[in-house]
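Data block below; observations after.
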Amino acid sequence: MIEWRPGRLIGVVVTSAAMVVILLIDATLILSLIGRPPSFTSFLLGSLVLLSLGPLAFLAYRIYQLLTLRYLLDRDSVTIVCGSVRQVVPLSNLSSVVAPTGSRGKGLSDLPSPRLAWLGCWLGRSQGKDMGPLLSYATEPPKRQLFLVTRSSAYALSPSNPAGFLAALEARRQMGATLALEEKTTYGTLISLPFWRDRLAQLLLVLGALANAALFAYLLARYPTLPRILPLHFTAFGGIDRIAPKEQILRLPTIGLITFIANALLGFAFHRREPLATYLLAGTGLLAQFLIAIALLHIIF
């Protein structure tokens, strides 16, 4: 088996630079929050920081994919390794191989690039009108990519030595295959978890997160106008038995957030063996937000 690698430096540098820009923006937002009194503006700034965690995680995974991207060529197949994904392309399934010629080549011109592609990082999936999907595992632009075309799919590669790769590939095709392999994609343990295909569990968690965000948004919007001292607990007959500074009311949505995070993590851990436990935990987390909302409204009004 021979291992071929693409050029990675440009993609890693560009992607890392994008992460640095996001982190600098986050640092600026966090500094602006320090010393700022609670308000709806502080909620918006904090939300921007939290929302940036998604793009940061995506960019970090792209760097991981770039650093692990390689093409393994043996007698029977080309195996593409990219992050936690392994794509096996049997040589016996190849209908054509399109070398880099300065254009996409005949039959591939109608295939668009992946949506989330940038300089040095051409990773992802796209779909043409008259062909199957194009799976891109490349670090070079389309005109420098090498295409492996099968009856069902096309694969875009960018080995650093395309001429050498093509020569080695053709030599093995001429020798003929020794094994009947299946064209398939396998994923790492985390990506292959059934949770990512469970729409109900995801919906319950999203609703819980939105409900908690709504609690913070409403409370922080009202916070500047609240009296300095608030009643925080009532007797069974409606009497007030505890008053405290209004800062303590912020504990309510914080408790809701802690409950949501704990239930979400437990639900994710249990999902593979017991999906029902995930639904119950996510539903309980959502219910907790509504109960806290009732308590919050009772205190404010």
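Any read-out appearing in this document is the output of simple, stated calculations on the displayed coordinates, not a laboratory observation. Note that the coordinates shown come from a computational prediction; the quantities given were computed from them, not determined experimentally. Note: ideal-geometry Cβ built from the backbone for every residue, glycine included; neighbour counts use all protein chains shown.
Key figures
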item	result
Estimated FRET transfer efficiency when R0 is 35 angstrom, pair ALA177-SER126 (beta carbons, to 0.05)	0.80
Label-point separation in nm, LEU23 to ILE229, each point 7 Å along Cα→Cβ	4.8 nm
Relative exposure of ARG273, ARG8, ARG251, judged by other C-beta atoms within 10 Å (fewest first)	ARG273, ARG251, ARG8
Residue list for the stretch 171-200, given a label point 7 angstrom along the Cα-to-Cβ vector of LEU72 and an amide N cut-off under 14 Å	184-188
Of the DSSP H helices in the chain, those whose Cα atoms cover at least 18 Å axially and whose Kyte score averages 1.0 or more	9-33, 53-68, 199-222, 251-270, 275-300
The chain pair-distance distribution - Cα-Cα, 10 Å bins, rounded %	6, 20, 22, 19, 15, 10, 6, 3, 0
Residue exposure sequence - LEU190, LEU123 - by fewest surrounding Cβ within 10 Å	LEU190, LEU123
Full-extension gain in nm, SER95 to LEU33, via 0.36 nm per residue minus C-alpha separation	16.5 nm
Residue with peak Gaussian network fluctuation, the chain [Cα springs, cutoff 10 Å], from GLY35, GLY256, GLY11	GLY35
Efficiency of FRET from Cβ geometry, ALA57 and MET1, R₀ 41 Å, rounded to 0.05	0.80
